[in-house]
Amino acid sequence: MQRYRMTVAYDGTDFHGWQHQPGLRTVQETVRQSLIHTFAQPVQLQGASRTDAGVHAEGQVVHFDVDSRIPLERMAMAINARLPADIEVREVQPVADDFDATRDAIDKQYCYRIWNADRRPLGLRHQVYHYWVPLDAERMNQAAGRIVGEHDFAGFATAGHGRLSTVRTVHTCEVQRHGDQVHLTVSGSGFLYNMVRIITGTLIEVGRGKWPPEHVDRILAEADRRLAGPTVPPGGLCLQWIAYDA
């Protein structure tokens with residue numbers, strides 16, 4: 001039995017998130033069924049990040065154990081042949097038996113894309129959040145820089161997140177404008193439930209002039225969810241990559 005690490009990309013629009021839920025279309029169960037049919041044996045797989053309904057991924061990482069006669073260089077192609085059009089396996093590689101996609105992750109990066117223009121995004125409507133009010137990306141970036149570091153992020157988490165500790169470390173947090181789009185890119189060792197979407201909602205409030213960039217300091221200091229911005233819709237969020245030591 002060999003353990004494999006697999007990188008998966010997906011359009012989360014028509015999925016009820018990553019995590020298996022009986023009777024609902026989820027990414028985890030769809031991928032698992034493709035593995036069962038590909039290798040003709042029972043398969044369990046574990047993903048590094050439990051993305052929510054509507055959230056996309058370019059670099060989700062999973063691990064699974066199988067006995068396979070399929071050459072490694074053809075394995076991704078064989079699995080993709082049994083997957084729907086909104087999921088793609090990008091890479092498969094053998095790893096040590098003790099590799100754990102969740103536990104061994106040391107860094108992960110998300111990007112939230114805002115379409116900041118009057119005209120509608122049409123072809124991109126499932127990958128961006130359409131926000132009409134003009135945003136000052138520089139002000140947003142100033143606020144984003146205050147999020148970097150180890151903090152208590154309780155003020156940026158949805159109630160009922162289920163975590164014993166709300167202290168997390170954010171490695172990078174930047175906002176840049178790309179034409180009609182404003183992108184928030186944030187990386188860290190781990191995130192609370194809806195944390196990136198609440199950070200985005202807060203920075204939007206800064207960008208439209210409701211709050212100064214320094215308002216982020218108050219949210220972190222008082223750890224009060226009521227001080228932060230709204231939870232923006234899931235469609236603009238994408239898990240870009242997950243990093244490991246090896």
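Just checking, does the stretch 215-234 include any residue being of a type in the set (Gly, Ala, Ser), touching a Lys or Arg at 6+ places or on another chain (Cβ under 7 Å) and assigned to a loop (DSSP other than H, G, I, E, B)?
no
Out of all the residues in the stretch 10-24, is one or more among the aliphatic types (A, V, I, L, M), modelled with pLDDT of 95 or more and buried (at least 18 other Cβ atoms within 10 Å of the Cβ)?
no
Please give the strands (runs of 3 or more DSSP E) falling wholly within the stretch 35-141 in which 1 or more residues are at negative phi and aromatic (Phe, Trp, Tyr).
56-66, 105-115
Among the residues of the stretch 207-214, is there at least one that is of a type outside the set (S, T, N, Q), crowded, with 22+ Cβ neighbours inside 10 Å, in contact with a Phe, Trp or Tyr (Cβ under 8 Å, 6 or more places away or on another chain) and modelled with pLDDT of 95 or more?
Within the stretch 207-214, none of the residues are of a type outside the set (S, T, N, Q), crowded, with 22+ Cβ neighbours inside 10 Å, in contact with a Phe, Trp or Tyr (Cβ under 8 Å, 6 or more places away or on another chain) and modelled with pLDDT of 95 or more.
I'd like the residue in the stretch 160-200 that is among the charged types (D, E, K, R) and touching a residue at least 60 places away in the same chain (Cβ under 8 Å) and, out of all such residues, is surrounded by the fewest Cβ atoms within 10 Å (Cβ to Cβ).
Out of the qualifying residues, it is Asp180.
Only residues that are in contact with a Leu (Cβ under 7 Å, 6 or more places away or on another chain) and among the hydrophobic types (A, V, I, L, M, F, W, C): list them for the stretch 200-246, please. Step through it out loud before you land on a result.
Here is the first cut: in the stretch 200-246, the ones in contact with a Leu (Cβ under 7 Å, 6 or more places away or on another chain) are 200, 203-204, 207-208, 218-219.
Correct list: Leu203, Ile204, Ile219.
The values are calculated or read from the model by the stated rules, or taken from the named source; none is laboratory data. These figures come from a predicted structure and were not determined experimentally. Ideal geometry is used to build each Cβ from the backbone, glycine not excepted, and the neighbour counts take in all protein chains shown.
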